[in-house]
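Everything below concerns the one structure shown next.
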Amino acid sequence: MAQDGVQPGEGREPAALLAIGPEAKARVRILVVDDEHTLRESCAAVLRHEGYDVTVSSRGQDALELLKRRAFDVVLVDLYMSQVDGLALLRAALGTNHDTIVIVMTGNPSVESSVEALRQGAFDYLPKPFSASHLQVLIGRAVHTLLVARETREQQETLDRAQVQTDKLTLLGTAPAFRRAIELARKVAPTDASVFITGESGSGKEMIAQFIHHHSRRSSRPFVAVNCAALPEGLLESEMFGHRKGAFTGAVRDKPGLLEAAHGGTLFLDELVEMPKSIQAKLLRVIQDGVVRRVGSETTDAVVNVRFIAATNGDPEGAVKSGDMREDLYYRLRVVPINVPALRERPEDIPLLADYFLSTYWVRHRRKGAPFPRLTDAALRALCGYAWRGNVRELQNVIEHV
Ligand SMILES: Nc1ncnc2c1ncn2[C@@H]1O[C@H](COP(=O)(O)OP(=O)(O)OP(=O)(O)O)[C@@H](O)[C@H]1O
Ligand SMILES: [Mg+2]
């Protein structure tokens, strides 16, 4: 696992860039379910050639029986079959083993049906027809996810044995609307579904993104944030995708981008609606194919396995309508939407947060033993009546400076 990092490889098969060893592959059990003979057998042949342990099934009903009897790591299933349909099989596979990675193949890749499959827990979908290379890359990314999940589990067990307190984030709030957002985040965390977080500035979007990462099977890998509004187009492109030596003035060496840095982990796309259209198109290709080409490169430089979380304090639907945001990218990234309520919509959380910030800053800034301050009722009333346009961040700043 240590060297699963990606090396730029001239003329190598893209899937080989993931560098998954033959012993690891031989231990991966894959089930291929499709009622179409040729497709089923050619998928199986490609995957067996890659060194995976492959089982095939031609009927949904038989596949259900197989799933009950044996644990599979990856299930590749056709979305449209007579008798048992793909979504039912997806639910059955996840029901018997929620760590299973399910990939749906679809001959009719409508946005709705594909997003529905992702929402129900599919790792990804594969539009038919597809190339052997596309299949190899996708299965490679799925298997990489399994290996990272194992690594995360082992790391967690080591920490538990050593009774190390990991600094879990403190997400305070008891208001029902806020709890609903957190429960949704907790529910979606262990899946690889893309999450789109909306909410006003300072409401806690990035904290929720971190919360999702920390509760995911990727938490042993990096959480990488990129602010799409902060950089001019060219710079954002080379930050995200990396560049080859000589790609532009100042590119003195090859440099991997943030997508590669987030490999195995999570990429947080902050202020997504500000992303220039040309970069949106490039990003969509990475999401669909998993392959990264650095700026100035003629070849595939990396295959990445990344979970995406996007956020904005703007109006994404409006950006789609006005043409500033690609609709296909938007649907791909908002498989699970989460809205973080503004602080003024949950005034019951204001005293809680105010007390929390007061005590943390008190401990940090005052000498030991000084009596602990309390907010008076009048002060709390004033805080609860205020509009907090800057939300939790503004409250935090106000408390720090009293
Ligand atoms: N529920 C919470 N409990 C404790 N601290 C919080 C909570 N929500 C937000 N904060 C704190 O408030 C500050 C702002 O949060 P965050 O950066 O996540 O907001 P944001 O929505 O991403 O803001 P922006 O739109 O400006 O990027 C951070 O310092 C964070 O630690
Ligand atoms: Mg933010």
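Confirm whether SER220 is in contact with a Pro (Cβ under 7 Å, 6 or more places away or on another chain), at pLDDT 95 or above and away from ligand 1 (no atom under 14 Å from the Cβ).
Values: in contact with a Pro (Cβ under 7 Å, 6 or more places away or on another chain): no; at pLDDT 95 or above: yes; away from ligand 1 (no atom under 14 Å from the Cβ): yes.
So SER220 does not fit the description; no.
Which of the residues belonging to the stretch 44-81 are in contact (Cβ under 8 Å) with a residue 40 or more places away in the chain and assigned to a helix (DSSP H, G or I)?
Here is the first cut: in the stretch 44-81, the ones in contact (Cβ under 8 Å) with a residue 40 or more places away in the chain are 46-47, 50, 52, 70-79, 81.
Listed by number, the residues that qualify are VAL46, LEU47, GLU50.
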Check your understanding: With respect to the numbered conditions (1) without any contact (Cβ under 8 Å) to a residue 24 or more places away in the chain; (2) closer than 19 Å to SER220 by Cβ; (3) surrounded by fewer than 12 Cβ atoms within 10 Å (Cβ to Cβ), which one is the sole condition not fulfilled by LEU159?
Key -> (3)
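Yes/no per residue for (1) modelled with pLDDT of 95 or more; (2) within 16 Å of ligand 2 (Cβ to nearest atom); (3) touching a Leu at 6+ places or on another chain (Cβ under 9 Å):
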position	(1), (2), (3)
ALA302	yes, no, yes
PHE308	yes, yes, yes
ASN313	yes, yes, no
GLU317	yes, no, no
TYR330	yes, no, yes
ILE338	yes, yes, yes
ARG346	yes, no, no
LEU358	no, no, yes
GLY369	no, no, no
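Return yes or no: is ASP192 part of a loop (DSSP other than H, G, I, E, B) and either at pLDDT 95 or above or more than 16 Å from ligand 2 (Cβ to nearest atom) (or both)? Don't jump to the end; show me each part of the working.
Details: part of a loop (DSSP other than H, G, I, E, B): yes; either at pLDDT 95 or above or more than 16 Å from ligand 2 (Cβ to nearest atom) (or both): yes.
Yes.
Against the condition away from ligand 1 (no atom under 16 Å from the Cβ) and either modelled with pLDDT of 95 or more or part of a helix (DSSP H, G or I) (or both), how does ALA382 come out, does it pass?
On the way: away from ligand 1 (no atom under 16 Å from the Cβ): yes; either modelled with pLDDT of 95 or more or part of a helix (DSSP H, G or I) (or both): yes.
In short, yes.
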Review point. If you go through the stretch 106-120 one residue at a time, do you hit one that is basic (Lys, Arg) and touching a Ser or Thr at 6+ places or on another chain (Cβ under 9 Å)?
Key: no
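The values are calculated or read from the model by the stated rules, or taken from the named source; none is laboratory data. Source: prediction; values computed, not measured. Note that each Cβ is placed from the backbone with ideal geometry, even for glycine, and that neighbours are counted across all protein chains shown.
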